[in-house]
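Take this structure first; my questions come after.
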Amino acid sequence: MSLLRLLNPVEFRKFQLLWREAQRQGIPFDELSVDDGIRALYRRTDPATLGLPPDEEITAEAVVDRPGLAEACQAMGTGEWEPVARLLTAHGDDWDRRCLDITLLSKIAAGDGDALDRWLFDRPDDPDALVLRAETLVRRAWNARGGRVASETSDDQFEAFHRIIDEAETAAWAATEAAPDDPTPWTTLITIARAQGWDEEAFSRTFSELCARAPHHRGGHEQALQYWCAKWHGSHKRMFAFAEEAATTAPSLTPLRLTAVFEYSLGRKRPEPKDYARQAMDSTAAWLAGEGVDSPYARADRGLLASVLVDAGRYREALDQFAALGRHADSWVWQYSGDPEAAFRLARWKACHRARKSWKV
């Protein structure tokens with residue numbers, strides 16, 4: 001990951017500090033490591049001195065914090081499907097937890113599908129296996145495409161992406177029939193709708209089917225928000241309207257406001273809606289301090305909140321979120337830079353440095 005990707009191009013002072021550090025080490029600027037660059041920018045404030053985990057302990061690995069999930073993840077790597085089946089059966093109607101576990105298991109299956117293949121061979125009509133297969137195919141499609149922008153993606157990558165996503169759609173419809181009460185395959189279809197560019201009518205029908213099964217389904221709403229983003233099939237206005245409407249229906253959907261703020265900020269072509277951003281930060285922080293403290297999405301929400309708080313200059317509040325996150329940089333927000341651990345460390349160092357400076361005033 002390039003150091004320049006971690007910086008706003010207008011922050012010339014940062015560029016000067018990095019250039020001097022490269023000169024001090026006697027190396028070209030583009031050979032300066034990310035960690036050395038971070039320390040050059042904020043060398044006077046080590047997060048460890050503020051009681052936070054040291055840099056070397058930061059990890060972007062998914063947190064497997066329940067025995068059943070740990071066993072299922074291990075089994076996926078050894079070709080055993082029975083522990084996976086037990087985990088998914090145990091979810092009952094805890095749809096948010098199920099969605100998160102399906103997402104994690106699909107990432108493993110996308111790279112090593114032996115366990116899923118054996119499960120489908122032994123029980124070809126098992127609803128849980130079919131639901132997992134659909135999401136796994138979506139993951140494989142995106143892996144085939146890669147994470148680069150369209151201009152840097154080859155025709156072969158696009159061809160593979162569309163071929164696999166079409167297969168995923170067929171699998172997802174089959175999963176909806178096998179598991180008629182489960183909102184999870186409808187979440188998969190909402191993702192597919194974005195990938196295939198479904199029109200608004202088709203998308204809305206699918207979203208309605210999701211909400212009929214789980215009106216406040218977090219994963220489904222997150223995927224729907226992506227559909228309405230300007231970078232996909234909507235606009236800033238549609239995205240904010242969707243986030244606001246969702247947040248007013250259930251406290252658990254409050255963080256969607258902050259997701260909309262983050263997505264808006266990625267373009268950085270217009271001034272940010274500061275009043276809305278402030279309200280989004282405040283409401284998400286209140287949610288995490290109260291009912292959302294034990295939400296299965298709490299860590300992802302804290303990562304997002306910490307990132308946006310740093311960008312907004314609310315460094316002391318950001319430190320509270322980093323303290324709660326500990327060493328875990330697994331929130332999706334850190335993935336955008338291409339190096340989640342480095343992005344996490346940079347934001348954390350900045351929060352520590354600026355917060356300490358404010359304490360001295």
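FYI, it's all coordinate maths here, none of it is from the lab. These figures come from a predicted structure and were not determined experimentally. When we count neighbours, we look across all protein chains shown, and the Cβ atoms used for this are built from the backbone with ideal geometry, even at glycine.
So what's the angle, to the nearest 10 degrees on a 0 to 90 scale, between helix 218-228 and the longest Cα principal axis of the chain?
Around 80 degrees separate the two axes.
Within a Cβ distance under 14 Å of ARG123, other residues only, what is the Lys/Arg minus Asp/Glu net charge? Don't skip to the end; give the middle numbers.
Numbers: positive: ARG86, ARG118, ARG133; negative: GLU80, GLU82, ASP117, ASP122, ASP125, ASP126, ASP128.
Residues near ARG123 contribute -4 overall.
So, one more: Each residue of region 58-71 in turn: what ³J(HN,Hα) in whole Hz from Karplus with 6.51, -1.76, 1.60 and θ = phi - 60°, glycine and Pro shown as x?
5, 9, 9, 5, 4, 7, 9, 10, 9, x, x, 5, 4, 5
Determine ³J(HN,Hα), in whole Hz, for all residues of region 164-180 in sequence, where each value follows from phi through the Karplus function 6.51 cos²θ - 1.76 cosθ + 1.60 and θ = phi - 60°; x replaces Gly and Pro.
So the Karplus estimates, Gly and Pro as x, are 6, 5, 5, 5, 5, 4, 4, 5, 5, 5, 5, 5, 5, 6, 6, 10, x Hz.
Under 10 Å, Cα contacts only: if you run a Gaussian network model on the chain, which one of ASP155, ASP112, ASP36 comes out with the highest mean-square fluctuation?
Answer for the Gaussian network model of the chain: ASP155.
If I take every Cα pair under 8 Å that is 6 or more residues apart in region 246-348, average their sequence separation and divide by the length, what percent do I get for the relative contact order?
Working: 97 pairs, mean separation 21.0, N = 103.
Computed value for region 246-348: 20 percent relative contact order.
Roughly speaking, what is the centre-to-centre gap between region 172-236 and region 241-320 when only Cα atoms are used, to the nearest Å?
First find each Cα centre; the distance between them is then 22 Å.
Taking only the Cα atoms of region 178-285, how large is their convex hull per residue, in Å³?
Details: hull volume 10.0 nm³, N = 108.
In region 178-285, the Cα convex hull volume per residue is 93 Å³.
Could I ask something else about it? Can you tell me the order of 100-110, 115-125 when each peptide is scored by its average per-residue count of other Cβ atoms within 10 angstrom, highest first? Intermediate results must be reported in sequence, preceding the final value.
Numbers: 100-110: 21.2, 115-125: 15.6.
Per-residue Cβ counts within 10 Å, averaged per peptide and sorted highest first, yield 100-110, 115-125.
Might you report the magnitude of the Cβ-based charge dipole of the chain about its Cα centre, with Lys and Arg at +1 and Asp and Glu at -1, to the nearest 20 debye? Write down the numbers at each step before the final one.
On the way: 46 positive and 57 negative charges, 503 e Å.
Dipole about the Cα centre, nearest 20: 2420 debye.
Okay, moving on. Test of understanding: in a Gaussian network model of the chain with alpha carbons linked when under 10 Å, which of ASP301, ASP275, ASP128 would top the mean-square fluctuation ranking?
Sorting by GNM fluctuation, first place goes to ASP275.
Further question: Let me know the volume per residue of the alpha-carbon convex hull for region 125-187, in Å³. Intermediate results must be reported in sequence, preceding the final value.
Details: hull volume 4.3 nm³, N = 63.
Output value, Cα hull per residue: 68 Å³.
Kirkwood Rh, the chain, all Cα pairs: how many Å?
Details: mean 1/r = 0.0457 Å⁻¹.
Result for the chain stands at 21.9 Å.
What aspartates and glutamates could a cross-link reach from LYS231, if we take a straight Cα to Cα line under 16 Å and drop same-chain neighbours fewer than 8 places away?
Within the straight-line limit of under 16 Å, LYS231 reaches these aspartates and glutamates: ASP199, GLU200, GLU222, GLU263.
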